[in-house]
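Everything on this sheet refers to the single structure shown next.
Just so it is clear, none of the values below were taken in a lab; they were calculated from the coordinates. Here the structure is a predicted model, which is why all the values come from computation and not from measurement. No Cβ is skipped: glycine too gets one built from the backbone with ideal geometry, and neighbour counts run over all protein chains shown.
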Amino acid sequence: MEDALFKRRILVAVTGGIAAYKAAELVRLLVKTGGEVRVAMTAGAQKFITPLTLQTLSQHPVATDTFDLQQEATISHIELADWAELFVVAPATANALAQLGQGLANDLFSTIALACRAPQLLAPAMNVNMWQHPATQANLALLVERGAFAVGPEAGDLACGWVGAGRMAEPSAILQACRALLGPRDLDGKKFLITAGPTHEALDPVRFLSNRSSGKMGFALARQALRRGAQVTLIAGPTELFAPGNVERVDVVTAEEMRKNALERAPLADAVIMAAAVGDYRAAKVAPQKIKKSDDRLAIELERNPDILAELGKKDFARRPLLVGFAAETEEVETRAARKLQEKHCDLIVANDVSQTDAGFGVDTNRVLLVDNERTTALPFGSKDEVAGGILDWVAAHLSTRL
Ligand code: C5P
């Protein structure tokens, strides 16, 4: 099969951080997969790696200066922005994110970025403290809300000597993200309802019962469904994550709020994916005042929360959406998932073994089994975005047979 990048026009902007040297490998991989690559570099980037290196690898002149008559005559910065089908910023420094967030056009890179309407993929790379600074986080959040995609950064040893998040994603991971962004729009116009994150069930005015779900899997599904052309409604329990601005996001706190919103919206959906870790129990009575410590033991009576997925599975829809549930298990994963598929009347259960440290709650990677009425399929281990892609392949295939 032809690679998703074959003959696609990819503009790689390299900004000035030590990870700029990894841009060479990225450009090499993009060219090797058959992509048409052009490179723009900031003045800072040219201190770390020479334009000649990237010119040789991309087989085209590198854009370095807006005011260079020679360069502008060959291909102007506006032509370059119009030419691109995908705009990749790798590495994206804290300064680059700030420029993009503010809409500055004070050098070639930021001017191209402002003029370019292609999807934007950012690969942030910087010192961990710069990465964690609220200004950087706010800039990235703003860019993602406006529709940009981000890959990485990863945690590890940083060139500055610190250890933490800030290392640019590996070129192979950026390549994968490019493939995903330029992949098929096979969910065009389809309506998706996705739930994500944990729920909080209050015990008293200051305490609640919850779980370790981060919401990352559900948010990855929302991002990927959107990229493939779907209209996405995301019902999110409490999380710090940000969603693209063109996702309809409904923030909820309790299972009951999630249920109300899900039941209201499910009849309009083509597919409902319940990735949320809904609390199974809530306090039978929420204490109106903070519970005081007195005895050595304290018993709190809990009552069952409604099972939203099971309720949807039983419902009489005029046109039933595809129902996808998740199963987080610590043992007998496949057997339990198959049982859940029958009990909750859904079309697919995505099962993961949450006892593994590199899959399930909180982490950025996942390893899942797709259990449907006919077979069990193991998806390859990967980032939650990659796993989301695999789940959506299943959904896309099953939606197309329903038409
Ligand atoms: O039964 P269990 O909680 O393992 O099932 C998990 C699946 O059911 C998930 O898709 C979750 O979103 C959904 N669920 C639900 N309502 C609940 C509990 C789980 O919709 N109260």
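Overview of results
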| read-out | value |
| --- | --- |
| Residue-wise HN-Hα coupling along segment 230-247, computed from phi with Karplus coefficients 6.51, -1.76, 1.60 (Hz; x: Gly, Pro) | 6, 8, 10, 10, 10, 9, 10, x, x, 8, 8, 6, 10, 10, x, x, 8, 8 |
| Debye equation applied to the C-alpha atoms of segment 1-46, log10 I(q)/I(0) at 0.19 Å⁻¹ | -0.58 |
| Magnitude of the charge dipole, segment 9-182, Cβ model with Lys/Arg +1 and Asp/Glu -1, debye to 20 | 300 debye |
| Whether segment 191-399 is rounded, prolate or oblate, judged on the alpha carbon gyration tensor where a/c under 1.5 counts as rounded | prolate |
| Cα gyration tensor shape for segment 1-159, rounded if a/c is under 1.5, else prolate or oblate | rounded |
| Entries in Lys260/Lys340; Lys7/Lys216; Lys216/Lys293; Lys190/Lys384; Lys216/Lys315; Lys216/Lys340 that, when Cα-Cα distance is taken, lie over 24 Å | Lys7/Lys216; Lys216/Lys293; Lys216/Lys315 |
| Antiparallel content of DSSP bridges confined to the chain, in %, to 5 | 30 percent |
| For the chain, with +1 on Lys and Arg beta carbons and -1 on Asp and Glu, the positive-most of Val37, Ala196, His77 along the dipole | Ala196 |
| Debye, to nearest 20: dipole size of the chain, +1 on Lys, Arg Cβ, -1 on Asp, Glu Cβ | 480 debye |
| Cross-link partners of Lys191 among aspartates and glutamates (Cα-Cα below 16 Å; sequence separation of 8 or more within a chain) | Glu248, Glu264, Asp270, Asp393 |
| Proxy reagent accessibility, fewest Cβ within 10 Å first, across Thr199, Thr239, Thr136, Thr376 | Thr376, Thr239, Thr136, Thr199 |
| Diffusion constant of the chain at 37 °C, which comes from Stokes-Einstein with the Kirkwood Cα-pair radius and 0.692 mPa s, µm²/s | 144 µm²/s |
| By average C-beta atoms within 10 angstrom, highest first, the peptides 142-148, 343-349 | 343-349, 142-148 |
| Placed amide H near Ala327: partners under 5 Å, 5+ positions off or other chain | Val350, Ala351, Asn352 |
| Helical mean residue ellipticity (222 nm; -39500 (n - 2.57) per DSSP H run of 4+; nearest 500) of the chain | -10000 deg cm²/dmol |
| Kyte-Doolittle mean at least 1.0, axial Cα span of 18 Å or more - DSSP H helices of the chain | none |
| Cα centroid separation, segment 1-17 to segment 277-311 (Å) | 51 Å |
| Of Thr330, Thr233, Thr64, the one that fluctuates the most in a GNM where the chain has Cα springs shorter than 10 Å | Thr330 |
